[in-house]
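The values are calculated or read from the model by the stated rules, or taken from the named source; none is laboratory data. What you see is a predicted model, and the numbers here were worked out from it, not measured in a lab. Please note: Cβ atoms are built from the backbone with ideal geometry, for glycine as well, and neighbour counts cover all protein chains shown.
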Amino acid sequence: MKRPLTVLLGLSAVAAAAYFTFSHWAIRHENLTFYDEARKRPIAVDLAVRRDAEMKAEAGLSTLPVAIVSHGNTVKNSEYSFLANVLAARGYLVASIQHDLPTDAPLMTNQGSLYVGRLKVYERGEKNIFFAIHELKKLVPGADYDHLTLVGHSNGGDISMFFAQQHPELVRRVVTLDNLRVPFVTSGAAKILSFRSEDPHFKTDPGVLPDSKIAKQAGIEIVDTGAQHNELSDRGPESVKSRIQATLDQFLAEPANSKVSPIDLKQLHNDPRAMGP
């Protein structure tokens, strides 16, 4: 019984990889840099949006759901295209925010302190998200900034979970990849999907992950990837990324979470104009 299931999961991952590779060409990517004058801080944002969904929103025919992607420590915001493409293919406006600057102090661990002394880092990320949203509203007014999907890897996952704790009314769902410090939101206000690594060098702090009973009650899905911590980004092998893509796409497809459908690849193939220039 286990072998057919393994084969099925493998085929699903291959199909997902082909799907998102092809649909990438229907997605518009743009690099922006905003400047927060109050904090004297530039904030780089990589945008990804499906061309046809963007045109419908501009015409007032629909509203784009919004996803915010937050990177891990020492990883760039541009290194999560494998996630951004899944979200954009489902019609999201995806904003991958660069939270860290070369002038920022190194990320430190201070055992015994709240969030091992990283509260200010999470608060800075919170401010970055709000400022990016403030600027994006001017550029893309036809998007829903009041029901966010937050996606984050490692430190970015902790920023995402912290934001969801502080502003539950603004968050519809949270997707983390091996966040280690901030405890999961268990109120059930946001649906949560978390991919976990098997990496002896990156240990999840006690109390971060809920037990199985609480997770089930709160609608939290926890997926063991078997991958290394740093493989949960564009740096990881295709086998890992394609499995994550397939699971994320299924998570987003649940009727309670999303009314947005993926692009019709047959129609796109028959009408190349749909892909844009």
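Which one of A57, A53 is outside any strand (DSSP E or B), within 21 Å of the chain's Cα centre (by Cα) and under 13 Å from V140 (Cα atoms)? Give the derivation first.
Details: A57 fails: within 21 Å of the chain's Cα centre (by Cα).
So the residue among A57, A53 that is outside any strand (DSSP E or B), within 21 Å of the chain's Cα centre (by Cα) and under 13 Å from V140 (Cα atoms) is A53.
Spot the failing condition for E135; the list is (1) acidic (D, E); (2) touching a residue at least 24 places away in the same chain (Cβ under 8 Å); (3) out of contact with any strand residue (DSSP E or B) (no Cβ under 6 Å at 6 or more places or on another chain), and only one is missed.
Looking at each condition in turn, E135 falls short on (3).
Can you find even one residue in the stretch 201-217 that is in contact with a Gly (Cβ under 8 Å, 6 or more places away or on another chain) and farther than 19 Å from D146 by Cβ?
Scanning the stretch 201-217, I find at least one residue that is in contact with a Gly (Cβ under 8 Å, 6 or more places away or on another chain) and farther than 19 Å from D146 by Cβ, so the answer is yes.
So, in the stretch 155-205, of the ones that are buried (at least 17 other Cβ atoms within 10 Å of the Cβ), part of a loop (DSSP other than H, G, I, E, B) and charged (D, E, K, R), which residue ends up nearest to the chain's Cα centre (by Cα)?
Across the stretch 155-205, the extreme among qualifying residues is D178.
For residues that are charged (D, E, K, R) and surrounded by 21 or more Cβ atoms within 10 Å (Cβ to Cβ), scanning just the stretch 46-78, find the one that is farthest from R243 (Cα to Cα).
First, pick out the residues of the stretch 46-78 that are charged (D, E, K, R): 46, 50-52, 54, 56, 58, 76.
Adding the requirement that they be surrounded by 21 or more Cβ atoms within 10 Å (Cβ to Cβ) leaves 46, 50, 54.
Details: D46: 23, R50: 22, E54: 27 Å.
Ranking the candidates gives E54 first.
On the given criteria, is L148 over 30 Å from E54 (Cα atoms) and surrounded by 14 or more Cβ atoms within 10 Å (Cβ to Cβ)? I'd like the intermediate steps shown before the answer.
Numbers: over 30 Å from E54 (Cα atoms): no; surrounded by 14 or more Cβ atoms within 10 Å (Cβ to Cβ): yes.
It is false that L148 is over 30 Å from E54 (Cα atoms) and surrounded by 14 or more Cβ atoms within 10 Å (Cβ to Cβ).
When you check G226 against the structure, is it without any contact (Cβ under 8 Å) to a residue 40 or more places away in the chain, surrounded by 15 or more Cβ atoms within 10 Å (Cβ to Cβ) and on the phi > 0 side of the Ramachandran plot, yes or no? I'd like the intermediate steps shown before the answer.
Values: without any contact (Cβ under 8 Å) to a residue 40 or more places away in the chain: yes; surrounded by 15 or more Cβ atoms within 10 Å (Cβ to Cβ): no; on the phi > 0 side of the Ramachandran plot: yes.
For G226, the condition - without any contact (Cβ under 8 Å) to a residue 40 or more places away in the chain, surrounded by 15 or more Cβ atoms within 10 Å (Cβ to Cβ) and on the phi > 0 side of the Ramachandran plot - is not met.
Scan the stretch 209-217 and give yes if some residue there is at pLDDT below 95, surrounded by fewer than 20 Cβ atoms within 10 Å (Cβ to Cβ) and polar (S, T, N, Q), otherwise no.
Yes, the conditions are met somewhere in the stretch 209-217.
Scan the stretch 11-21 and tell me whether some residue there is at pLDDT 95 or above and either within 18 Å of A253 (Cβ to Cβ) or touching a helix residue (DSSP H, G or I) at 6+ places or on another chain (Cβ under 6 Å) (or both). Steps first, answer last, please.
We begin by selecting, within the stretch 11-21, every residue at pLDDT 95 or above; these are none.
Within the stretch 11-21, none of the residues are at pLDDT 95 or above and either within 18 Å of A253 (Cβ to Cβ) or touching a helix residue (DSSP H, G or I) at 6+ places or on another chain (Cβ under 6 Å) (or both).
With respect to F130, is the statement that it is buried (at least 24 other Cβ atoms within 10 Å of the Cβ), aromatic (F, W, Y) and over 13 Å from the mean Cα position of the chain (by Cα) true?
Details: buried (at least 24 other Cβ atoms within 10 Å of the Cβ): no; aromatic (F, W, Y): yes; over 13 Å from the mean Cα position of the chain (by Cα): yes.
No.
Condition first: closer than 22 Å to R41 by Cβ and either among the hydrophobic types (A, V, I, L, M, F, W, C) or modelled with pLDDT under 95 (or both). Now tell me which residues in the stretch 122-150 satisfy that.
If the condition is that a residue be closer than 22 Å to R41 by Cβ and either among the hydrophobic types (A, V, I, L, M, F, W, C) or modelled with pLDDT under 95 (or both), then I129, F130, F131, A132, I133, L136, L139, V140, L148, L150 are the ones that fit.
Identify the single condition in (1) over 22 Å from I27 (Cα atoms); (2) in a loop (DSSP other than H, G, I, E, B); (3) of a type in the set (D, E, K, R); (4) in contact (Cβ under 8 Å) with a residue 60 or more places away in the chain that E79 does not satisfy, given that it satisfies every other one.
All conditions are met except number (1).
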